[in-house]
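Chemist: Below is one structure. I have some questions about it.
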2 protein chains.
Amino acid sequence: MTMLTAALIQQCCSENRETNLATTECMIRKGAAAGAKLVILQELHSSLYFCQIESPALFDLAESIPGSSTARFGALAAELNIVIVASLFERRAAGLYHNTAVVFEKDGTIAGTYRKMHIPDDPGFYEKFYFTPGDLGFNPIETSVGSLGVLVCWDQWYPEAARLMALAGADLLIYPTAIGWDPQDTVDEKERQYDAWRTVQRGHAIANGVPVLAVNRVGVEQSPQGDGAIQFWGGSFIAGPQGEILAQASADTEEILMVTLDRGRSETVRRIWPFLRDRRIDAYGELVKRFRD
Amino acid sequence: MTMLTAALIQQCCSENRETNLATTECMIRKGAAAGAKLVILQELHSSLYFCQIESPALFDLAESIPGSSTARFGALAAELNIVIVASLFERRAAGLYHNTAVVFEKDGTIAGTYRKMHIPDDPGFYEKFYFTPGDLGFNPIETSVGSLGVLVCWDQWYPEAARLMALAGADLLIYPTAIGWDPQDTVDEKERQYDAWRTVQRGHAIANGVPVLAVNRVGVEQSPQGDGAIQFWGGSFIAGPQGEILAQASADTEEILMVTLDRGRSETVRRIWPFLRDRRIDAYGELVKRFRD
């Protein structure tokens, strides 16, 4: 089987966790009915993007892995005979939480997890308060639909993360994401930011000769403190191994974005552009320095 | 002085070296007259792209550094009071040649050199026959117009090279280039290749928060063996530190592409997108492996 059909679930979230989960489940079922063998959910899809403020009470949203969410998505994966990539707020211990992607095999078992390695912290995105940086490294998760290089949101700006996944044999790069605009930004600034976000990820596809699947949250979420909002920009997309756009979602609507990938294409592209052959690994040592000063 | 005007010289080359050099000089003078304080030449601008075939006789095209070309460009830099980035076929010793960029300070002295680190080898681009991989590492060249992260052509596909330059304080990433299509390729494939080339470099701008200036050869050059040709795709461009296109040249015409960069913009962009802050240098060690198997 050289073709793989995937579905990306771009959705709006509300304060009602059960509603969010029901919406997600409904969209997963539609994607599977349309032929998807791999369904990818956006970052922290069970709740509002709670990192707009720093509040100790919000750690109540976290859950154990395995736990009730993994039981639910695992059962759904098994029922539909598909691989699912979910994104959960993981409670590992009291005072120790992660932003964790969980991959379910089509038999419902957990194929593997990835704990977000790069953690942002900007006004309205106070993630360093909530998430301990991941300690599982950059390792693809092996599944029946291929070796999945799952990374999360802020990771998408780091070529190092994409490269390490590709070097470990990832067939696909997958980015569950929650990124948006300050509604006060100018139209020009919004365009530059969205285009930069998409372009840097297309660059990872090109540099590594692998498809990239990025699924982003959509909709406006007000800050609980009433001092702002985030306009999540949707715009989920799938790029092929030359960075070419294969499917593109809107900026303001819930969507199931479908794509059928030719898994032989990476091999073809890497033969005409054999970048892995010529890496100067003898001269890359200082990539592990903070700054070369 | 926070603004910097630069000119990229996108030109066609012929078999006549003196004609090529005269054209280059004329275009440099025009760029300087239009206000450029930094002029960047395309890869191997003094000759046809000789790497379409492997011929020992073609090593005659190589020259010593310093030598007659560096004397000529140094004098021009001093006369016009500008910084020039040139690209030469360096004869270092008998049997030892490099693809070398030379940066001239505005007083005519050589500010520094960069020997192309990543060497391609594909049908029609037999560079591994001609060029020993560089041994000077990825180090910016300090000049009166800033710290120049000069890289060459094939380097442009490697995020590692761009990152190492940025970590060493490069203010700009600069890519003299000679890349083109097989004229037999389909229109779709040509578009994918050009867009991938531009996108991966825009990605370096974004990931590192620095402008990218890429200058490419233009025109069709037949293989001396009559078995093909390369349609150099021009398309030189300048992107800002969010990857936004600031200036764009055509695919088929000689051009002096001018841009005025706001050098304060990188600092602003890096404050809103502080990627350097969050690099997981504790987890990047295996970037120096060929493959993680």
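Chemist: List the residues, sorted by chain then number, that are 5 or more residues from A:Tyr97 or on another chain and whose placed amide H is less than 5 Å from its amide H.
Modeler: When sequence neighbours closer than 5 places are left aside, the close amide H contacts are A:Arg92, A:Thr132.
Chemist: By the gyration tensor of its Cα atoms, with a ≥ b ≥ c the square roots of the eigenvalues, what is the shape of segment B:3-288: rounded for a/c under 1.5, prolate for a/b over b/c, or oblate?
Modeler: Rounded, because the longest to shortest axis ratio a/c is under 1.5.
Chemist: Next question. Run the numbers on segment A:192-208: which residues show a drop of 10 Å² or more in accessible area, chain on its own versus all protein chains together, using a 1.4 Å probe over heavy atoms?
Modeler: A:Arg192, A:Gln193, A:Asp195, A:Ala196, A:Thr199, A:Val200, A:Arg202, A:Gly203, A:Ile206, A:Ala207
Chemist: While we're on this one: Could you pull the accessible area for A:Met3 with a 1.4 Å probe, rounded to 10 Å²?
Modeler: 90 Å²
Chemist: Under the classification rounded if a/c is under 1.5, otherwise prolate if a/b is larger than b/c and oblate if not, where does segment A:8-97 fall, given a ≥ b ≥ c as square roots of the Cα gyration tensor eigenvalues?
Modeler: Prolate, since a/c reaches 1.5 and a/b exceeds b/c.
Chemist: Kindly write out, for segment A:130-141 in residue order, the coupling ³J(HN,Hα) from the Karplus curve 6.51 cos²θ - 1.76 cosθ + 1.60 (θ = phi - 60°), rounded to whole Hz, with x marking Gly and Pro.
Modeler: Couplings: 9, 10, 5, x, x, 10, 9, x, 9, 10, x, 10 Hz.
Chemist: At a Cα cut-off below 16 Å, give the aspartates and glutamates reachable from B:Lys37, other chains included and same-chain residues fewer than 8 away excluded.
Modeler: Those aspartates and glutamates meeting the cut-off are B:Glu25, B:Glu79, B:Glu105, B:Asp107, B:Glu142, B:Asp171, B:Asp262.
Chemist: While we're here: How well do other chains shield peptide B:148-155, expressed as the mean number of their Cβ atoms within 10 Å of each residue Cβ?
Modeler: Counting Cβ atoms of other protein chains within 10 Å of each residue's Cβ and averaging gives 1.
Chemist: Another question, then. Which far-off residues, 5 or more places away or on another chain, put their amide H under 5 Å from the one on A:Ile141, with H placed in the peptide plane?
Modeler: Under 5 Å from the amide H of A:Ile141: A:Leu148, A:Gly149, A:Val150.
Chemist: Please give the total accessible area that chains A and B bury against each other, computed with a 1.4 Å probe and expressed in Å² to the nearest 100.
Modeler: Buried area (both sides, nearest 100 Å²): 5500 Å².
Chemist: State whether segment A:1-56 is rounded, prolate or oblate according to the following rule on the C-alpha gyration tensor (a ≥ b ≥ c being the square roots of its eigenvalues): a/c under 1.5 gives rounded; otherwise a/b larger than b/c gives prolate, and the remaining case gives oblate.
Modeler: prolate
Chemist: For the peptides A:155-161, A:249-255, A:92-98, B:24-30, what is the packing order when you average, over each peptide's residues, the other Cβ atoms within 10 Å and list the highest mean first?
Modeler: Ranked from most to least packed, the peptides come out as A:155-161, B:24-30, A:249-255, A:92-98.
Chemist: At 1.4 Å probe size, with the rest of the protein present, what percent of the exposed accessible area of segment A:174-229 is carbon and sulfur atoms?
Modeler: Ligands and nucleic acids excluded, carbon and sulfur give 44 percent.
Chemist: If the chain between B:Ala22 and B:Ser223 were fully stretched, how many nm would it gain, using 0.36 nm times the residue separation less the Cα-Cα distance?
Modeler: 70.0 nm
Chemist: Work out from phi, with θ = phi - 60° and the Karplus expression 6.51 cos²θ - 1.76 cosθ + 1.60, the ³J(HN,Hα) of each residue of segment A:19-27, listed in order in whole Hz, and give x for Gly and Pro.
Modeler: Whole-Hz 3J(HN,Hα) from phi for segment A:19-27: 4, 4, 5, 5, 4, 4, 4, 4, 5.
Chemist: Counting alpha carbon pairs within less than 8 Å and at least 6 residues apart, what relative contact order, in whole percent, applies to segment B:3-288?
Modeler: Over segment B:3-288, the number comes to 19 percent.
Chemist: To continue, here is another question. Considering only C-alpha atoms, what is the centroid distance from segment B:46-66 to segment B:140-212, in Å?
Modeler: 24 Å
Chemist: Could I ask something else about it? Quickly estimate the mean residue ellipticity at 222 nm for the protein assembly as shown, helices only: each DSSP H run with n ≥ 4 gives -39500 (n - 2.57), and the total goes over all residues, rounded to 500.
Modeler: When only DSSP H runs of four or more count, the value is -8000 deg cm²/dmol.
Chemist: Only sites in a loop by DSSP and with at most 13 other Cβ atoms within 10 Å count here; which trypsin sites (Lys or Arg not before Pro) in segment B:185-293 make the cut?
Modeler: B:Arg290
Chemist: Summing Lys, Arg as +1 and Asp, Glu as -1, what charge do residues with Cβ under 12 Å from the Cβ of B:Arg263 carry, B:Arg263 excluded?
Modeler: Result for the local shell: -1.
Chemist: Taking only Cα atoms and a 10 Å spring cutoff, compute GNM fluctuations for chain A and point out the largest among A:Ala33, A:Ala57, A:Ala71.
Modeler: Judging by the Gaussian network model, the answer is A:Ala57.
Chemist: Where is the GNM fluctuation largest for chain A (alpha-carbon springs, 10 angstrom cutoff): A:Leu213, A:Leu88, A:Leu167?
Modeler: Its mean-square fluctuation being the largest, the pick is A:Leu167.
Chemist: Shifting gears a bit: Sequence-distant or interchain residues sharing an amide H contact under 5 Å with A:Ser236, placed H: which?
Modeler: When sequence neighbours closer than 5 places are left aside, the close amide H contacts are A:Asn216, A:Ala249.
Chemist: What's the extension gain from B:Asp282 to B:Asp185 if we count 0.36 nm per residue and subtract their Cα-Cα distance?
Modeler: The span from B:Asp282 to B:Asp185 would gain 30.6 nm if fully extended.
Chemist: Moving on. Arrange the residues B:Ser236, A:Ser68 by how much accessible surface each exposes, largest first, with a 1.4 angstrom probe.
Modeler: Largest accessible area first, the residues go A:Ser68, B:Ser236.
Chemist: What is the calculated FRET efficiency for A:Ser14 to B:Leu96, with r their C-beta to C-beta distance and R₀ = 60 Å, to the nearest 0.05?
Modeler: Computed FRET efficiency for A:Ser14 and B:Leu96 comes out at 0.35.
Chemist: Quick one: accessible area per residue over segment A:3-288, 1.4 Å probe, rounded to a whole number of Å²?
Modeler: With the other protein chains kept in place, segment A:3-288 gives 34 Å² per residue.
The values are calculated or read from the model by the stated rules, or taken from the named source; none is laboratory data. Everything numeric in this text was worked out from a predicted model, so none of it was measured. Ideal geometry is used to build each Cβ from the backbone, glycine not excepted, and the neighbour counts take in all protein chains shown. Accessible surface is based on the protein model in full, side chains and every heavy atom, while ligands, DNA and RNA are left aside. Shrake-Rupley method; radii C 1.70, N 1.55, O 1.52, S 1.80 Å.
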